[in-house]
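Working notes for the structure below.
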Amino acid sequence: MPVFSLDPEQTAWCAGLRALAADTLRPLAERGEPGRVNRPLLAALGERGLLRDLFGAGALDLCLLRESLALGCTEAETALALQGLGTTPVLRSGTDAQRARWLPEVTAGRAVAAFALTEPDAGSDAAALALAAVPERGAGWRLTGEKCWISNAPEADFYTVFARTTPGARARGITAFLVPADRPGLTGAPVEMLSPHPIGTLAFDGVPVTAADVIGAPDRGFPVALETLNLFRPSVGAFAVGMAQAALDATLDHTARRTAFGGPLAELQSVAHQTAEMATRVEAARLLVLSAAAAHDAGAADVPARSAMAKLFATETAQYVVDAAVQLHGARALRRGHLLEHLYREVRAPRIYEGASGVQRSIIAKQLYAARTAHTACASQVTATPQPYGKDR
């Protein structure tokens, strides 16, 4: 059964997205300032219905969307993905009032969203977060603490913020809040990073929030975060596959045209074998991403492990492919403004955010051993009648 074959409609959609990214969105991205929110680019995503498509998409369509945009314009892909990451908790678990206030603005490309989970001492161990939501009698809570490495901070218009409402309860004591950027006591600062998209810190000095700002239910914010991350992890892999494919395409073009030692580079066995290895890894990563996305859309029980595998393999593959592409291009690939110089800066971050590669390996291993334990327990309950081997003699 050709599970991962795209139908003609999907193929045409992806081709249109790639053309849109290269011809329309990339010029807008190039006019933006690195490290700042590009609001004209967001407006273009809204005007062309891509943000609407984002929120109506299952995991498979989300992966196709992110890979296609990444192939033509990584800035457009990242801008769209960050809108999804910050808004999906509101879409799936928010109140009617929260959705009515913010979803039309985000979909139109007028409002900037952010997902505020990470803290200085709570990165990979997200359940250890310490941003305190201190109860106020009859008036909700006051948020006190800080967040760091928050994409779109401090320029977002609202933040999905995860705070501790029950001390000492780890994952069971976290609440998700929708916090508009203009709340008193909320400040932030940009952080200059290797990757070109905006990242910053947030400081909460007694920021007021009420029951109307809760996303989901008090002390049930961690599942809200996990649901969002399980949806977006395979699509982070799709972003990586798009970058890897762009690097591979550039390498095939370069090695076919560039001459050395009396002929095209592509005729050298070492180069041909390198490009074959790159292409094989890209295709393997793509299939693993699509498999994880299909499992998510089907409601499979092993989605966490599949999502972790997809993100792990695809992001590590992209790092390998982009690095190999730089090597085959030589010094020209590191010149400022070259596609591969851009990809080389972009490709490193996905191996860290939304769960670093080591965290993904831990998730995979935990799922493997849990499945083994369950299988062993099931087998031990079955009493099998010994069967003779062969005929009686």
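Glu136 label point, 7 Å along Cα→Cβ, cut-off 16 Å on backbone N: hits in region 204-236? Label zone hits: 204-214. The slack between Arg36 and Asp23, meaning 0.36 nm per residue of separation minus the straight C-alpha distance, is 2.5 nm. According to the calculation over all Cα-Cα pairs in region 171-237, the P(r) per 10 Å bin from zero is 17, 33, 41, 9 %. Compactness of region 223-373, taken as the C-alpha radius of gyration over 2.2 N^0.38 Å, stands at 1.18.
Residues with beta-carbon under 15 Å from that of Leu103, excluding Leu103: net charge, scoring Lys, Arg +1 and Asp, Glu -1?
Value of the local net charge: +1.
Each Lys and Arg adds +1 at its Cβ and each Asp and Glu adds -1 at its Cβ; summed about the Cα centre, region 8-107 shows a dipole of about 240 debye.
Report the calculated FRET efficiency for Val191 and Arg101 (r = Cβ-Cβ distance, R0 = 41 Å), to the nearest 0.05. Using R0 = 41 Å, I get an efficiency of 0.90. Panel order for Ser291, Ser362, by other beta carbons found within 10 Å of each beta carbon, from fewest to most: Ser362, Ser291. The fewest-to-most ranking of His342, His375 by surrounding Cβ atoms within 10 Å reads His375, His342.
Using the Cα centre of the chain as the reference point, and only Cβ charges (+1 on K/R, -1 on D/E), how large is the resulting charge dipole? Debye, rounded to the nearest 20.
Numbers: 38 positive and 39 negative charges, 129 e Å.
Roughly 620 debye for the chain.
Using alpha-carbon positions, what is the distance between the centroids of region 302-336 and region 254-301, in Å? Computed from Cα coordinates, the inter-centre distance equals 10 Å.
In a Gaussian network model over the chain where Cα atoms closer than 10 Å are linked, find which of Ala163, Ala130, Ala122 has the largest mean-square fluctuation. Judging by the Gaussian network model, the answer is Ala122.
Would you compute, from DSSP H runs of 4+ residues alone, the mean residue ellipticity of the chain at 222 nm, taking -39500 (n - 2.57) per run and dividing by the full residue count, rounded to the nearest 500?
Dividing the helical sum by the residues of the chain leaves -17500 deg cm²/dmol.
Summing +1 for each Lys or Arg and -1 for each Asp or Glu among the other residues whose beta-carbon sits under 14 angstrom from that of Leu265 gives +1.
Which percentage, to the nearest 5, of the DSSP beta bridges contained in the chain is antiparallel?
Values: 31 of 36 bridges.
Rounded to the nearest five, the antiparallel share is 85 percent.
Semi-axes of the equivalent ellipsoid for the chain, computed as √(5λ) from the eigenvalues of its C-alpha gyration tensor and ordered from largest down, come to 36, 32, 19 Å. With a ≥ b ≥ c taken as the square roots of the eigenvalues of the C-alpha gyration tensor of region 8-107, please select rounded if a/c is under 1.5 and otherwise prolate if a/b is larger than b/c or oblate if it is not? Oblate, because a/c is 1.5 or more while a/b does not exceed b/c.
Cβ crowding within 10 Å, taken as a proxy for footprinting-reagent exposure, orders Glu77, Glu119, Glu47, Glu341 from fewest neighbours to most as Glu47, Glu341, Glu119, Glu77. Cα convex hull, region 113-219: 91 Å³ per residue, rounded to a whole number.
Please report the relative contact order for the chain, taking Cα pairs under 8 Å with a sequence separation of at least 6, and give it as a percent rounded to a whole number. List each step's numbers first, then the result.
Values: 693 pairs, mean separation 58.2, N = 393.
Rounded, it is 15 percent for the chain.
Largest first and in whole Å, give the semi-axes of region 52-127's equivalent ellipsoid, each being the square root of 5 times a Cα gyration tensor eigenvalue.
On the way: eigenvalues 86, 73, 29 Å².
They are 21, 19, 12 Å, listed largest first.
In the chain, which helices (entire DSSP H runs) extend 30 Å or more along their own long axis, judged by Cα positions, while averaging at least -1.0 on the Kyte-Doolittle scale?
On the way: long enough: 221-257 (54 Å, 0.52); 269-297 (42 Å, 0.21); 303-329 (38 Å, 0.41); 357-380 (35 Å, 0.07).
Correct list, ordered by number: 221-257, 269-297, 303-329, 357-380.
Computed from the coordinates by the stated procedures, all read-outs in this text should not be read as laboratory data. Since the structure is predicted, the reported quantities are computational estimates derived from the model, not experimental observations. Glycine also receives a Cβ, built like all others from the backbone with ideal geometry; neighbour counts cover every protein chain displayed.
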